[in-house]
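Encoded as structure tokens, the structure appears first; notes follow it.
The values are calculated or read from the model by the stated rules, or taken from the named source; none is laboratory data. Quick caveat, the model's predicted, so the values are computed rather than measured. No Cβ is skipped: glycine too gets one built from the backbone with ideal geometry, and neighbour counts run over all protein chains shown. All accessible areas refer to the heavy atoms of the entire protein, side chains included, with ligands and DNA or RNA removed. Shrake-Rupley method; radii C 1.70, N 1.55, O 1.52, S 1.80 Å.
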Amino acid sequence: PKVSAPTLQAVQSGLARKRCLQALYRTKGGTHPKATIIHPLGLLVRGPVIYLVCTLFAYTDIRQLALHRLSEVNELPETRRQPVGFNLQTHAAGEGALLQSQGQVRLVCRFNRSAAEHLRETPISSDQTLDEIDGGNQVLVTADVENDERLRWWLAGFGSQVEVLEPLSLRASMRDEAERLMAAYAD
């Protein structure tokens, strides 16, 4: 996803100067951005997406906002608040542990055309290729990606609209999960 230069500059300045930010934020799937007061704590890069680790308004729970969904970012004169005991390295290590990475893999999937459409705007890697197959009804997606829990969750979210072809270990993992899901719904 593309992050505008003014957005990145304002966020970096707010982080460096420990200042609050005022911005518009559009949630995933949302159509209208909402005005938000942000207390920036750091940046995390997860695959192709940069996240702003922060708290919002007067709340103390840690959030991660996708930078490409921010717009009209302005630095405020108020000093940002940092939750007691918060440490960015500890937070990042905890998030990383949840992802259970197994390293980079070459992902090859067959998507229904409509399910693959968003990949034209938001590629999953810089080397992603999209090739129409089956008379344009399906799209063969090939990309080098991190093989972690986030990838499996993302793929599972497409349900029957995606079929993992490679790597074979990921295909087997997705098949096993589908079998467990079927067993959970068996009467």
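Kindly check whether there is at least one residue in region 111-124 that is open to solvent by 70 Å² or more (accessible area, probe 1.4 Å), under 27 Å from Leu15 (Cβ atoms), in contact with a Gly (Cβ under 9 Å, 6 or more places away or on another chain) and not in a strand (DSSP E or B).
No: region 111-124 contains no residue that is open to solvent by 70 Å² or more (accessible area, probe 1.4 Å), under 27 Å from Leu15 (Cβ atoms), in contact with a Gly (Cβ under 9 Å, 6 or more places away or on another chain) and not in a strand (DSSP E or B).
Just to be sure I understand, how many residues within region 147-158 are within 13 Å of Val105 (Cα to Cα) and either assigned to a loop (DSSP other than H, G, I, E, B) or touching a strand residue (DSSP E or B) at 6+ places or on another chain (Cβ under 8 Å) (or both)?
Final tally of qualifying residues: 3.
Take the residues of region 58-96 that are surrounded by fewer than 16 Cβ atoms within 10 Å (Cβ to Cβ) and modelled with pLDDT under 90: which is nearest to the chain's Cα centre (by Cα)?
The residue in question is Gly96.
Among what's in region 13-47 and is of a type outside the set (A, V, I, L, M, F, W, C), within 28 Å of Asp144 (Cβ to Cβ) and touching a strand residue (DSSP E or B) at 6+ places or on another chain (Cβ under 9 Å), pick the residue that is most open to solvent (accessible area, probe 1.4 Å).
Lys28
Taking the stated definitions as given, is Gly157 exposed (fewer than 15 other Cβ atoms within 10 Å of the Cβ), touching a helix residue (DSSP H, G or I) at 6+ places or on another chain (Cβ under 9 Å) and of a type outside the set (Asp, Glu)?
Spelling it out, it is not the case that Gly157 is exposed (fewer than 15 other Cβ atoms within 10 Å of the Cβ), touching a helix residue (DSSP H, G or I) at 6+ places or on another chain (Cβ under 9 Å) and of a type outside the set (Asp, Glu).
Condition check: among the charged types (D, E, K, R), surrounded by 14 or more Cβ atoms within 10 Å (Cβ to Cβ) and in a helix (DSSP H, G or I). Does Arg171 satisfy that?
So Arg171 passes the test.
Scan region 19-28 and tell me whether some residue there is modelled with pLDDT under 95 and not β-branched (Val, Ile, Thr).
Within region 19-28, one or more residues are modelled with pLDDT under 95 and not β-branched (Val, Ile, Thr).
Out of Asp144, Asp131, Asp187, report the one residue that is open to solvent by 50 Å² or more (accessible area, probe 1.4 Å) and part of a loop (DSSP other than H, G, I, E, B).
Asp187 is the lone residue from the list that is open to solvent by 50 Å² or more (accessible area, probe 1.4 Å) and part of a loop (DSSP other than H, G, I, E, B).
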